[in-house]
Each structure stands twice: as C-alpha cells, then as structure tokens.
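The values are calculated or read from the model by the stated rules, or taken from the named source; none is laboratory data. All values reported here derive from a predicted model rather than from experimental measurement. So basically every Cβ, Gly included, is an ideal-geometry build from the backbone, and we count neighbours across all protein chains shown.
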Amino acid sequence: MFPDAEIENILGARVLDWSHLSGGCVGDVCRVDLADGRRVVAKLGGPGSGLTTEGWMLDYLGHKSRLPVPDVLHVDDNLLLVSFIENGGGLDGRAQEHAAELLADLHGVTAPRFGLERDTLIGGLAQPNGETDSWVDFFREQRLLYMGNEARHAGRLPGDVLKRLEKFIEKLEHWIGEPQQPSLIHGDMWGGNVISGQGHIAGFVDPAIYYADPEIELAFSTMFATFGEPFFKRYSEIRPIAPGFFEERRAIYNLYPLLVHVRLFGSGYVGSVEHTLSRFGF
C-alpha cells in the first residue's frame, strides 16, 4: 500500500499522483507529484532495508562535496524521500566532460585513511569500510576477499574460482600501489546512477561511498561503457591518470564490481572474473 497519508504529513502537501520508477536496489522507487507543485522521489522499504544508510550517504555527499545529488527530505527504515531530478538527455560528449569535471572535483575531497566512519551499501549489499592506512590492504581484504566470500557463501561463486582469487590477491602489490591520499568516491558509477540533462549532468544517485584510490571509480565507469574518450580526456586534464591504468589496473579494480554482480545475479558474471584472473596468471 502506498503511504500517501504519511508523505502528506511529512511534506505538508497532498499527494496528487504517484508512479513507479525503474532502478533502486534498496526498496521500491516511486515518483510522487504533490499539490503544491513539488515532485519528489519516494523509496519504500522496511526494517533492515538500508534506506537510512542510503539517506546518510546522500547527505554526506551533499555536505562534504559539490557533487549534485538529491536533497534528502526525510529518511527512516520504511521511507526515504528525496528531491526529484529530471532525466532529460543522454551521455553525449559534453555531458561526459561535465561528469569528468564533477568527479575530478569529488576526488579532490580527501581523508586521512581509506574506508569510512561507517559501513555502507552497494546494490543493496553490505559494504564494509573499516578504516585503514593501506589502500592495498583495504582493497584486498574489504573489497575482493570480502565480496568473493559473500558470493561463495551465496552459492554463486565456485570454490575453485575463490581459491584462484585468494592466490591472486596475495600478489596484489605487483600491480596496485598506494595513492597519494584517500579520495572520496561515489562508489557505484554506472549509467543507471547518472542523471543527465542536455549536454550536462543533472545529478548522481544510489551512491556507495567511501575513501579510496579514485582509479577504482574510473574503472567502474568503464565496465558498462558509461563513460568513454570525452570523459577520460577531460578528467586527465584535471587529474592526470598514471600510466598502466588502462592496460592493467582497470581490469583489477573491476574485479570488485564483477564480484558484486556475481553475488547479486549469479553465474553470468563468473566467466568475466575467471578471465581477469587468467589474464594475470591465476
């Protein structure tokens, strides 16, 4: 049942209409039209839904960065209300350049340690963020090993592939180094979480934030071809990308979202994990 009365009580305006929106790994997502002319997005959940974490992440980005994200109007375990951002265009060259400028600026927000003060979510899955001084250790233990074990325990990653992954991450220092400082990242950078206007980016949604090597964000953006040459050309003008990213590190960093997808969706992504491990000799 749609919570018309609750929304009206919270926002002080009558609900005229509502309709389902696509997306949203944490709760059902609806657009809500109000009698006072406002349009908002409602996410519906329940105990343990993760809505409070999602609201906290949006607030964090809103306060710590200039990244355009929806304003949080209300959040509890059952209901998240945020401002509506119109999706009015595709990711053309100019929009990609604007995305590069916005993400380069976000990546300029730094912290003393990798991780975050609290755990977050990615695709509705728990994402641990225990703070550490070493990016390599963080990526190995709290990203690859953690999500590999989660996928294995869910019966979606074969045991032999997990063993290959464990052997690979023992040698991670051969390919991954320590960045100069931890950078704030959106954490789930694919086209479904990017709202574009005509030649610009209107907003980003569904974050999975933490402080990281920003290259993991750049890698993620290529997994489903969200951004291409216009993005990377502009980004590198602002924040140079070190040699070896496209040749090696991109594939290694994309092991994490691949493992997330194995955990969420199953065997269709296992082959991509195996391909990456084989490429590096494991």
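Some points to look at:
- Helices (runs of 4 or more DSSP H) enclosed by segment 176-277 - at least 3 residues per element that are aliphatic (A, V, I, L, M) and either over 18 Å from A100 (Cα atoms) or more than 18 Å from the chain's Cα centre (by Cα) (or both): 255-265
- If you go through segment 21-43 and pick out every residue that is out of contact with any Phe, Trp or Tyr (no Cβ under 9 Å at 6 or more places or on another chain) and either assigned to a strand (DSSP E or B) or modelled with pLDDT under 85 (or both), you end up with 10.
- Where R94 falls short, out of the listed (1) touching a Gly at 6+ places or on another chain (Cβ under 8 Å); (2) closer than 23 Å to T120 by Cβ; (3) surrounded by fewer than 20 Cβ atoms within 10 Å (Cβ to Cβ): (2)
- When each of G90, G124 is tested for being under 30 Å from Q198 (Cβ atoms) and at pLDDT below 95, the lone residue that passes is G90.
- Total residues in segment 140-156, condition in contact (Cβ under 8 Å) with a residue 60 or more places away in the chain and under 20 Å from the mean Cα position of the chain (by Cα): 6
- Residues in segment 84-139 that are in a loop (DSSP other than H, G, I, E, B), within 21 Å of R234 (Cα to Cα) and under 18 Å from the mean Cα position of the chain (by Cα): 4 in all.
- For F282, the conditions (1) within 30 Å of G199 (Cα to Cα); (2) in a loop (DSSP other than H, G, I, E, B) are fulfilled apart from (1).
- Test result for R164, at pLDDT 95 or above and assigned to a helix (DSSP H, G or I): yes
- Any hit, segment 249-260, residues being of a type in the set (A, V, I, L, M) and touching a strand residue (DSSP E or B) at 6+ places or on another chain (Cβ under 9 Å): yes
- Which numbered condition L102 fails, given (1) in the same structural domain as N193 (by TED's automatic domain parsing); (2) without any contact (Cβ under 8 Å) to a residue 24 or more places away in the chain; (3) not β-branched (V, I, T): (2)
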